[in-house]
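Here's the structure, in structure tokens; my notes come after.
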Amino acid sequence: MNTSTLAFIGGGNMASAIIGGLIKSGTPAAQILVVEPYAPQRDKLRADFGIEALTAADASLAQAGAVIWAVKPQSFADAAAPCAAFVGGALHLSVMAGIRSDAIARATGSERIVRAMPNTPALIGMGIAGLFARAAVDADDRALVERLLAPTGEVVWVAQEADLDAVTALSGSGPAYVFYFVEAMVAAAEQMGLGAEAGKKLALATFAGATELARRSDETPAVLRERVTSKGGTTYAALTAMREAGVEPAIVTALKAAQLRARELGDEFGG
């Protein structure tokens, strides 16, 4: 990647996923530095990627063309304070939940800020992130952000920052919904006499295959569903039971609850 130093503030799982992808795609290790106060994680980053890992922020951050914020939201204020003197001219990419771009602008002195809401499949390169850019972010900045996040999966740009609360509800928290549904399918498999191991294998393969089929198809999920639902058949019986149990409105209610909580966290951490 043809840019200046990439500085990561925080070197946990999400930062490691991005760094690992960048190294694999040819970014020199010497071009990446991380500020990570936790010594075992610093050692792991050095061992895994051969990058420079600092205990605390110092003047070397002034060389950063892009700063990637990957600390826990409650740690942001403390992490940003020693960085502020060095990073005002950089592009800032945040993968932190709940910290709005106004707070990042105040803490860093930069208006070139992109907020990302990734999800945990990013750790295996199969994630998706919602992205919001402030007005000062230009086309080159957007392209750089897309290259930075390419190793983690796909991206979707949203028009306003508030939309990230909906992204959080849908895809940010979404993997947990899938795991929850799989848990229920495995429980049903056991009750039907299949056993947990077979139930898990069948459920996971079904999710993987169905989502890939939907991804490759030009048709809507509704049409794909109708194609495997014969009136009076087994799928029809299952879907009828779900409708009678109010599964669809329950899912909508759940996602709206997650969206509201995302908005509340943003208020809590400061906007």
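Rule-based calculations on the coordinates, nothing more; no lab input. Nothing here was measured: the structure is a model prediction, and the numbers come from that model. Neighbour counts are summed over all protein chains in view; Cβ atoms, including those assigned to glycine, are modelled from backbone coordinates with ideal geometry.
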With both partners inside segment 5-161, how many of the DSSP beta bridges are antiparallel, as a percent to the nearest 5?
15
Nitroxide proxy distance, nm - points 7 Å out along Cα→Cβ at residue 239 and residue 180
2.3
Taking every DSSP beta bridge with both residues inside the chain, roughly what % is antiparallel (nearest 5)?
15
Can you figure out the FRET efficiency of residue 74 with residue 196, using R₀ = 30 Å and their beta-carbon distance, to the nearest 0.05?
0.25
P(r) over all Cα-Cα pairs of segment 174-266, 10 Å bins from 0 to the longest distance, whole percent per bin, short to long, reads 14, 34, 40, 11, 1
Which of the DSSP-defined H helices in the chain satisfy a minimum axial length of 27 Å, computed from C-alpha atoms, and a minimum mean Kyte-Doolittle hydropathy of -1.0?
196-216, 247-269
Estimated [θ] at 222 nm from DSSP helical runs (n ≥ 4, -39500 (n - 2.57)) normalised by residues in the chain, nearest 500
-15000 deg cm²/dmol
Have a look at the DSSP beta bridges in segment 79-213 and tell me what percent are antiparallel, nearest 5.
35
Using r as the Cβ-Cβ distance of residue 4 and residue 43, and R0 as 25 Å, what FRET efficiency do you calculate, to the nearest 0.05?
0.45
Normalised by the empirical 2.2 N^0.38 Å for globular proteins, what value does the Cα Rg of the chain take?
1.16
